[in-house]
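Working notes, beginning with the structure itself.
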Amino acid sequence: MRPETKIESHRFEALGTSCSLFSAGRPLGRLVEGELWVRQVGARFTRFSAQSELSRLNASAGRWVEVGEDMEALLRDALRAYATSGGLVNVAVLPSMMATGYTRPISQGPTVAVLESAHPPPALPDVLQVREGEARLEPGAGLDLGGVAKGWMADRLCAWLGPNVLANLGGDLMATGDGPAGDGWPVGLAGVTVMLRDQGAATSSVRRRRSGDMHHLIDPRSGLPARTGLEEVSVVASSGFEAEVVAKTALLLGPDLAPTYCASHALAWWLGGSQ
Amino acid sequence: MRVLLLKAGATALTVIATVASALYVSSHLKNPTAPLQPSVLNANGNGSAVSALGGTVTVGPSVRPGNAQPVTSTYAS
């Protein structure tokens, strides 16, 4: 193990959550630039601003809409996540999220839930088309990228920041390089420390962002908040995005199938709680 | 006589094939509790489970548990 390199860190609130950036051997100023990157990209992906790229796509009513490079890449990855999760990770859950009362930023609290209007979302490839620089959403469909964007952004941010960095965006994180001491980045996972090198970690949970029986994790099979017998899943995978997808899929699969699924899709995992 | 020999030979062949198949199958029993995918092994080649908050963290071979103080954690947000 080599002598420990000094760690620079920078913490801030963005994306409706707490974010932290770490680097070994890079200046603090680079991490501050990383915060600006998070705010700029996050502003394009949020559904809580009418001016965002996502809101323009959601309001496009079947027309092809110009999208930026990042949005195009994220939408393509969302389609890939839909396929690899067997449809369990479906970003077309916006109508169901609205029905549960998650109509505005969580800091402002939920509105009244109208579950009668919650239905299983359509298959994502049936309502979303992506081509170079443009995307099209079927009328009536709506996307919420909150379930996949943070891990995706952590991956991109690490690549943007340079080697040997760690980006944690609301618990969904990516760690690149050998870490401060050359044996990886020490990261907490359910109370245990794991050393990550070019790996991501994420936690999917129904314990947060909830009000009574309502929470933000929609089960696409019902269109309602998930009740699978698992409350929280943390995983390590090859990237932050991959970890986010695997954690969410495992939670939705429930306690009977999640262990086998994690054994074949995750590098480390923890399954927590029961409903 | 030749027909009789052929019949006896065919019968013997059938009995031998049946017995051999039964021996092969009974010595290669399928484990009904086996997972669909091979389980993940740890760096030592054995399953690695670390006690954690309200459960167990399972660690595969490409992730190493550490003793260092974590710089950050994955958590629900």
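Miscellaneous remarks
- Calculated P(r) tail over 34 Å for chain A, as whole % of Cα pairs: 17
- Where trypsin sites (Lys or Arg not before Pro) fall in DSSP loop in the stretch A:2-82, at most 15 other Cβ within 10 Å: A:LYS6, A:ARG63
- The GluC sites (Glu not before Pro) found in the stretch A:91-157 that occupy coil by DSSP, while having at most 10 further C-beta atoms within 10 Å, are A:GLU132.
- Summary of the geometry: the stretch A:57-89 and the stretch A:131-196, compared by the centres of their Cα atoms, lie 18 Å apart.
- Between B:SER21 and B:ASN67, full extension at 0.36 nm per residue minus the direct alpha carbon distance yields a gain of 11.2 nm.
- Selected from A:THR193, A:LEU224, A:HIS265, residue furthest toward positive end of dipole (the stretch A:162-275; charges at beta carbon): A:LEU224
- Residues B:LEU4, A:LEU267, A:LEU251 arranged by fewest to most Cβ contacts within 10 Å: B:LEU4, A:LEU267, A:LEU251
- Test item: Cα-centred dipole of the protein assembly as shown, Lys/Arg +1 and Asp/Glu -1 on Cβ, debye: 680
- Share of Cα-Cα pairs in the stretch A:37-131 lying beyond 22 Å, as whole percent: 34
Read-outs: derived from the displayed coordinates by stated rules, not from any lab. Just so we're clear, the structure is a prediction, and the values are computed from it rather than from any experiment. Note that each Cβ is placed from the backbone with ideal geometry, even for glycine, and that neighbours are counted across all protein chains shown.
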